[in-house]
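**Q** Just passing along the structure, written as structure tokens.
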Amino acid sequence: MSRRVYFEDELEARRTRGAGGSRGRSQSVERSNTFDAATMAGRDRYTESELDQLRRENQYLRIQVRDAKDDRSYVKKLEAEREELFRENIKLRQTSDYTSDNEARKDAKLRKKNAKLEAEINTLKAQLANARDKASSSRKNYDDLLRESQRTEKDLLRRMEIMRNNNALLEREISDLTRGISAATSNTTSGLEERFYRRGY
């Protein structure tokens with residue numbers, strides 16, 4: 001479905017020319033714009049769909065950030081455990097009750113466990129940094145799309161106002177033309193009746 005919209009300046013020019021006499025009826029609009037209502041509505045739906053998708057992604061990333069914060073506490077706990085293991089390792093090294101073999105085995109075990117904790121801590125830190133980056137990017141995209149949606153809405157409202165004004169001008173012009181035609185028809189009918197009367201019909 002398409003709607004033909006006449007711009008206000010052209011309507012004003014037509015109305016001005018029409019006021020001078022019978023030429024007003026013969027004037028035609030030189031320029032018009034056609035807006036596809038279905039396309040404009042589809043664009044609105046597409047914009048809303050993008051906004052909904054970004055809202056869902058934003059909510060998901062917020063959950064990830066919240067979980068990442070919980071992971072941060074877990075990282076601190078792991079770091080404290082690692083420090084405890086270091087202290088225990090030092091104590092083991094300093095304790096004379098253990099033989100060298102026992103110390104070596106326990107030291108190797110502690111080193112292995114410590115390496116595992118280090119790897120887990122690094123992984124959690126990387127996940128936390130990635131979640132922060134995604135949340136920041138999603139927020140920026142959401143803000144940009146929201147601003148674009150607001151600009152589009154303002155533009156549509158402005159166009160609707162122009163269309164209403166143009167329709168009002170068209171209605172006034174049609175009304176003026178209708179009254180002019182009625183007056184001309186009435187005058188023509190009266191003139192014919194008078195001529196017939198004079199000729200004796």
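**Q** Hey, could you check region 123-141 for residues that are more than 12 Å from Leu61 (Cβ to Cβ) and among the small types (Gly, Ala, Ser) and say which is modelled with the highest pLDDT?
**A** Ranking the candidates gives Ala126 first.
**Q** When you scan region 174-182, do you find a residue that is modelled with pLDDT of 80 or more and closer than 30 Å to Leu54 by Cα, even just one?
**A** Within region 174-182, not a single residue is modelled with pLDDT of 80 or more and closer than 30 Å to Leu54 by Cα.
**Q** Here is a further query. Would you tally the residues in region 98-157 being farther than 21 Å from Val65 by Cα, under 18 Å from the mean Cα position of the chain (by Cα) and surrounded by 12 or more Cβ atoms within 10 Å (Cβ to Cβ)?
**A** Final tally of qualifying residues: 7.
The values are calculated or read from the model by the stated rules, or taken from the named source; none is laboratory data. Being a predicted model, the structure only gives us computed values, none of them experimental. Please note: Cβ atoms are built from the backbone with ideal geometry, for glycine as well, and neighbour counts cover all protein chains shown.
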